[in-house]
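One structure below.
Bear in mind these aren't lab numbers, they're just calculated from the coordinates by the rules spelled out. Since this is a predicted model, take the numbers as computed values, not measurements. For neighbour counting, all protein chains shown are included, and Cβ atoms are generated from backbone atoms with ideal geometry for every residue, glycine included.
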């Protein structure tokens, strides 16, 4: 005869250990990532609580919310106990978090450092599974006029047409530009093509009387600045 499984429902836990009640009594900051995710999931499955499911999901992505945010709805539904409805809730919550980052970053009045650029553009580029190339257009005070996606490619590269960069700069009367792209591999080291492209843009900038402020490579939550590294 099979032994009866222990009751792992969150409702069977002591009151202070339940995620929702814990949040109400102690505040959201004291909850772990798995407890916050459990609130989104709502309930567990036979033999596993919502927190158990959350822990397994996070373990599968190296306990990184950044990695979790990269997963598609289809990939999320591959986890045991996560159907399409729950996957949509999780994806929506993570997207709200990303948009909050964007909103906070846009409060920066002007670009003063490579860290400012990273803070502004990290929410756009950190979670992507393909490479994208962007340009920031700035006025004389280094305030952002516009953020523009120039090209989107595959996992390891994207084709960049320099003419499109300068068309955008001229159309928007930009005094300075910042080049940005991501490396989905997580490696922030610039490739030979990255360096060659940056040099070509710099030469064109000198001719067009536009300042190349920097070229930033973003990989997950890290970045490399061509200016900081002396590559421009």
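Annotations for the structure displayed:
- Computed over the range 30-131, the ratio Rg/Rh where both radii use C-alpha atoms and Rh is Kirkwood: 1.05
- Note on residue 59/residue 99: beta-carbon distance plugged into 1/(1 + (r/R0)^6) with R0 of 35 Å gives a FRET efficiency of 0.85.
- Likely footprinting exposure, 226, 207, fewest C-beta neighbours within 10 Å first: 207, 226
- Over the chain, relative contact order from alpha-carbon pairs under 8 Å, at least 6 apart, %: 13
- C-alpha long axis of helix 114-125 to longest principal axis of the chain, angle in °: 60
- Mean Cα-pair separation over length for the range 10-102, i.e. relative contact order, pairs under 8 Å, 6 or more apart, %: 20
- Between the range 44-101 and the range 167-223, the alpha-carbon center distance in angstrom: 34
- With both residues required to sit in the chain, DSSP beta bridges show an antiparallel share near 70%.
- Dividing the mean sequence gap of close Cα pairs (under 8 Å, 6+ apart) by how many residues the range 110-225 holds gives a relative contact order of 29 percent.
- Expressed as a fraction of 2.2 N^0.38 Å, the C-alpha radius of gyration for the range 110-225 is 0.97.
- Residues 18, 100, ranked from the fewest to the most other C-beta atoms within 10 Å, line up as 100, 18.
- Using alpha-carbon coordinates, inclination of helix 192-208 to the longest axis of the chain, degrees: 50
- Seen against the Cα atoms of the chain and their longest principal axis, helix 50-60 is set at about 40 degrees.
- Counting neighbouring beta carbons within 10 Å and listing from fewest to most, the residues 114, 54 come out as 114, 54.
- Cα-based Kirkwood hydrodynamic radius, the chain, one decimal, Å: 20.2
- Of 131, 203, 35, the one that fluctuates the most in a GNM where the chain has Cα springs shorter than 10 Å: 203
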